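Okay, structure first, notes after.
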Amino acid sequence: MSDIQARLREIARRLLTEGHVRVFIGFGPGFEANRPVPFFAADPDAADRLLLDEFCAAGLARYVLEEVREGPVGLVARGCDGLGLERLLADHRVAREQLYVVGVSCRGVVDPDRACAAAGEEVRAARVNGETVTLITPTAERSFPRSACLLDKCLRCQDPTPRIADVLLGEAIPPGERDLAHVDAVERMPSDERYRFWARQFERCLRCLACRQVCPACNCVSCSLDRPEWLERGTGLAEQFMFHFTRAYHVAGRCVACGECERACPAGIPLGLLNDKFMKDLRDLFGVAAPHRPGDVEPLGKFCPDDPEGWHEGGEGT
Amino acid sequence: MSSDWQPRIVGFACRWCTYAGADLAGTSRLEYPATVRLVRVPCSGRVNPSFVLRAFQRGADGVLVAGCHPGDCHYTSGNLFTRRRFSLVKRFLEYLGLEPERLRVEWISAAEGQRFAQVIREMTDDLCRLGPNRKMREEP
Amino acid sequence: MRFLPATALPRWLERLRGDGATVWAPVDEDGVVVLRPWEGQPIASRYVNPLNSLKDVLLPRTETILEFEGRPTDLAVREPAPPQSQVVFGTRPCDAAAMELNDRVFLEGTFVDEGFRRRRETTTVLTVACTVAGPHCFCRAVGGSPTAPRGSDLVLHPVENGYLPEAPTSRGEKALRAASDLVEDVEHPDPREAGRTVAMPLAERIALDGLAARLRDHFEHPCWDAISRRCHSCGLCTFVCPTCYCFAVFDSLRVTRGRRQRGWDSCQFKDFLLMAGGHNPRPTRKHRVRQRFLHKLCYFPEAYGEYQCVGCGRCVAGCPVGLHLPAVVDELGEVLG
Amino acid sequence: MSANPLVPEVATIIDIVEETPDVRTFVLEPDAGPVFAYRPGQCAMVSVFGVGEAMISITSTWSPERPLELSVKRVGRVTAALHEAEPGHKVGVRGPYGNSFPVEEWEGKNLLFVGGGIGLAPLRALINYCLERRQSYSRVDIVYGARSPRDLCFKREIFERWPKVPGVAVHLTVDAADAQWQGAVALVPHFLERLAPSPSGTVAVTCGPPIMIRYTLATLEKLGFADEQIVTTLELKMQCGVGKCGRCNIGPRYVCLDGPVFTRAQLKELPQEY
């Protein structure tokens, strides 16, 4: 990665020096060494503080919305960031010529808490290989399965490489199939148990709106979730269901599966299970790619004359 | 639950077909339980899925979304969007734990008074078996 | 010194519940530890802090102020019944201290916040002291300690197979009386001392001395632009914070019946100060992030003589972009010297 | 009355006066007991049950038997709902909130009131208070402007009652005249500059939309008014009115407790965030 980081800095410096972009968005050092934070390099020298490692967790696409107001933006993009950018482009929230995308392939981001639990001490560095992750601690260097180290969102990733890069650093990794098996497990529950499962999840919801604020698909200028006629401010269970139903439905067919909502949720609500349910049914009923590729007509913005009637074939173990 | 309990069904009915079909059921003196309150909408495509959830929130035991048969939409294609949308929404509400019988989507034309009455009879039977809905419902 | 065996815990809580109180305890829900009304379910033991703090108990997410019924010309308004007594088990010393900070806001000054007062006076806080600090903890940097009794009615110091209870208040002593037959006498050194040796690396890294005074003159400092730039304007930090208390008042109406409630609100939401005419005094992230941190680090100390932070670490663990209090203190320290 | 400061008293609207196309004065009488005592400049939280609450400055001057008057411009959800209300309707009211104009400190001085649009509402309470104690104050000048003649509030007072009081001058202006308008056509700050009142022994009190206040303050400064001689009121979003909800603070000050009345000197001490 360090070679790619050096090339990234070089490109960012050039873009800023030549005035192609006003700001370059990437990652910079965070308060804790294994938690880099989004960083905005506004001058060529700041480009040297850009870093790129296995701990860069936050999605960057959403920042573009605000940053392009002042001029063209450069940014580093993994597969998930790339899909987020495609979402914003398809929604006409930004224009392609306002962006300079430096693509990198990503094999997964290490969750420092999870890795620390696996390694038993603070993790200083990591290498993500094929099926294993090597964690480097002050005392040892050991390998663990991906599921013991990576962020949840990365375990189901289907797009390691962005499709819209202006320049790609390193090798492209071909896209795969999104694994939606975790949806099946919920579908198999009896309906009362399923209701209790979701009620328990939603009861924890603080309504902090982090899921919406980090989401590249939740880019509307004004949101029905802020309007009391659509969503009352009370936090009773009924309103929590309304909130989560509305959030998930409004990104149905538009969600790019970047997983940021779930990563951001402080209450550990498995928001991916909601988004992926729509994704699975869109795939099974209407043959929509999972996730739907932004740019084509949205799956809920069109129809086929011979669409199936999905309500006859719920096929769930109720 | 007392034996004379009757479910409350909120029916969103397209004015061009189902609403007229319900009228026909009435003028034909067809018998069906008085369990449904119809909300007339210009097209089944007007039914925002939030309406359905709101109805359950505020005390509906069942919800019917009904419009013109595919191909017969007064606005050409409104019900074709409905078909896609409610294919997903119905499955999603079941995924959240709602019993499948509580939400029905039906195509009922202005001539199908019989069909309307039959759907309400079936729904009422199903809901009587299930009892009052408590899921996603707000505290009274 | 008194000793409460861990095995006696459920029986004790059951007795407290039997007295008609709602008992809250940390339970593990799908891997997330949450304070919940306890009805005999297994009590979580391995946690740094529950997702929700004492704030959830004393200043609930939503609370009814009044109910009304009738027509516009003939309307009856009634207040809800006063809250039941509550017992909270398993809160940490930082959260207990946070409630003393909220006491300053809600119980002092021209007006007393009646909703808060009633809950506060009928709630017994049974704190479980910390024997280890989590990676995000920094209570020591803001004057707290893993074993401090501030804000607690009873502090339970965990030792092998049980707890050493310490009752700073008579309310705590009363709660402990319900366990008088379960408590044994043991010899043990002062358990508060253990708090001094708990390693807390994050607390070592931030320096708050004199920061309030330095911030006063830097309202317009350009650093606020840089600090706030990565903020997504969600309300996560404010909602998980045990000391943040901002609320909104809102009505709901069902034909002829309705209620007025208050519920948590966040100064980080863009419409927090939006007025009916369209004027918004804090229209940008910079305004809002600055408000949050100046409130905690400058305005609150000016009014009450201490920082509005107890170092619970929830913002550190939660913020999706690492914009939490220690990070901001660190960044401010760099630019303000 | 409830021990909970957030619980309002129920009051009945006994009269509604249409001041302008979008301003109405609501005359309220609490259903149980007399109106709370209040001073000029203080506010009340008014609520339409089922819609919400809004902080409104009190337009009447207090006396034990006088009903409460609130002049409300239709701008948002609550004020729109109030405008839909009719006499006989019940509303909630709680208060009084905030500080008030330091009228005792001003005794013996000249008073200059500068109002714009609905900004005359809090000034009306103050002006009537001072005119009821006419002998305590020296010369009184009332400068008032609105967008158009029909947008001028409290027409009976500005045209008839106030000008008749000895030593009181009412100076009216509009941004845009209509066919009947004989008076000045100018923005309030410009109009004020032309009138050029003397700062000597004078207190200037100004209330109006933020943009008018900004330029009025500049004009007053140009005319030689010191910051301590200039008084204004602030308006910020409020939810509780009792210093708890964390909404209306400007730095360490709460508008609901420490305001809404501030001197310009006090405002300069605060972060510029209002």
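We did not get these values from a lab; they are worked out from the coordinates using the rules stated. Keep in mind it's a predicted model, so treat the numbers as computed, not measured. For neighbour counting, all protein chains shown are included, and Cβ atoms are generated from backbone atoms with ideal geometry for every residue, glycine included.
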Quiz item: Once amide H atoms are built 1.01 Å from N in the peptide plane, which residues 5 or more positions from B:V41, or in another chain, come under 5 Å H to H?
Solution: B:A13, B:C14, B:R15
Exercise. Please report the Cα spread of chain C along all three principal axes, rounded to whole Å, starting with the longest.
Key: 64, 63, 40
Quiz item: Is there a simple number for the mean count of other chain Cβ atoms within 10 Å of the Cβ of residues in A:211-219, and what is it?
Solution: 2
Quiz prompt | Unit charges at the beta carbon, dipole of the protein assembly as shown: most positive-side option, A:A61, D:G76, A:S147 | solution = D:G76
Quiz item: Under a point-charge model restricted to the Cβ atoms of Lys and Arg (+1) and Asp and Glu (-1), what is the dipole moment magnitude of the protein assembly as shown relative to its Cα centre, in debye to the nearest 20?
Solution: 1300
Exercise. Could you work out the mean count of beta carbons from other protein chains within 10 Å of each residue's beta carbon in C:233-242?
Key: 5
Exercise. Express as a percent, rounded to the nearest 5, the fraction of DSSP beta bridges in the protein assembly as shown (both residues included) that run antiparallel.
Key: 55
Self-check item: For region A:156-222: rounded, prolate or oblate by the Cα gyration tensor [a/c cutoff 1.5]
Solution: oblate
Quiz item: Once every DSSP H run of n ≥ 4 in chain C is given -39500 (n - 2.57) and the sum is divided by its residues, what mean residue ellipticity at 222 nm do you get, rounded to the nearest 500 deg cm²/dmol?
Solution: -7500 deg cm²/dmol
Exercise. Give the long-range amide H neighbours of D:V114: residues separated by 5 or more places, or on another chain, with amide H under 5 Å away, using H modelled in the peptide plane at 1.01 Å from N.
Key: D:V143, D:V205, D:T206, D:C207
Practice problem: Rounded to whole Hz and in sequence order, give me ³J(HN,Hα) for region C:186-202 from the Karplus expression 6.51 cos²θ - 1.76 cosθ + 1.60, θ = phi - 60°, writing x for Gly and Pro. | Solution: 9, 8, 7, x, 3, x, 4, 4, 4, x, 5, 9, 5, 6, 9, x, 5
Quiz item: If you put +1 on each Lys and Arg Cβ and -1 on each Asp and Glu Cβ, how big is the dipole of region C:148-301 around its Cα centre, in Debye rounded to 20?
Solution: 1500
Practice problem: Just name one of D:G88, D:S198, D:S148: the one whose Cα is farthest towards the positive end of the charge dipole of region D:63-201 (beta-carbon charges, Lys/Arg +1, Asp/Glu -1). | Solution: D:G88
Quiz item: Between region C:51-90 and region A:66-130, what is the C-alpha centre distance in whole Å?
Solution: 43
Quiz item: What ³J(HN,Hα) values, in whole Hz, does the Karplus curve 6.51 cos²θ - 1.76 cosθ + 1.60 give for region D:72-85 when θ = phi - 60°, with x put for Gly and Pro?
Solution: 10, 8, 7, 10, x, 5, 5, 5, 5, 5, 4, 5, 7, 6
Practice problem: Using only Cα atoms, tell me the angle between helix A:271-286 and the longest principal axis of chain A; keep it within 0 to 90° and round to the nearest 10. | Solution: 70
Exercise. Calculate one ³J(HN,Hα) per residue across region B:44-56 by plugging θ = phi - 60° into the Karplus curve 6.51 cos²θ - 1.76 cosθ + 1.60, and present them in order as whole Hz with x for glycine and proline.
Key: 4, x, 6, 7, 5, x, 4, 4, 5, 5, 4, 4, 5
Quiz prompt | Over chain D: helical MRE at 222 nm, DSSP H runs n ≥ 4 each giving -39500 (n - 2.57), nearest 500 | solution = -5500 deg cm²/dmol
Practice problem: Specify whether the C-alpha gyration tensor of region B:9-130 places it in the rounded, prolate or oblate class, a ≥ b ≥ c being the square roots of the eigenvalues: rounded for a/c under 1.5, otherwise prolate if a/b is larger than b/c and oblate if not. | Solution: oblate
Self-check item: Loop-located GluC sites (Glu not before Pro) in region C:95-146 whose Cβ has at most 15 other Cβ within 10 Å (DSSP)
Solution: C:E108
Quiz item: region B:116-138 to region D:113-186: how many Å between their Cα centroids?
Solution: 65
Practice problem: Enter the Cα centre distance for the pair region A:4-58 and region A:240-267, rounded to the nearest angstrom. | Solution: 29
Quiz item: D for region A:74-220, whole µm²/s, Stokes-Einstein with Kirkwood Rh over alpha-carbon pairs at 4 °C and 1.567 mPa s: what number?
Solution: 72
Self-check item: Helix-only mean residue ellipticity at 222 nm for chain A, each DSSP H run of n ≥ 4 adding -39500 (n - 2.57), per residue, nearest 500
Solution: -9500 deg cm²/dmol
Exercise. Tell me which residues come under 5 Å, amide H to amide H, from C:V33 once H is placed; ignore anything under 5 positions away on its chain.
Key: C:L51
Quiz item: Cross-link list D:K73/D:K237; C:K174/D:K244; D:K164/D:K222; C:K55/C:K296; A:K277/C:K270; A:K302/B:K90: which exceed 20 angstrom alpha carbon to alpha carbon?
Solution: C:K174/D:K244; D:K164/D:K222; A:K277/C:K270
Self-check item: DSSP loop GluC sites (Glu not before Pro) with at most 10 other Cβ within 10 Å excluded, longest remaining stretch of chain A
Solution: A:19-130
Quiz prompt | Shape call, the protein assembly as shown: gyration tensor on alpha carbons, a/c limit 1.5 | solution = rounded
Exercise. Putting +1 on Lys and Arg Cβ atoms and -1 on Asp and Glu Cβ atoms, find which of C:C298, A:C116, B:G62 reaches farthest to the positive end of the dipole of the protein assembly as shown.
Key: B:G62
Quiz item: How big is the charge dipole of region D:9-97 about its Cα centre, in debye rounded to the nearest 20, if each Lys and Arg gets +1 on its Cβ and each Asp and Glu gets -1 on its Cβ?
Solution: 300
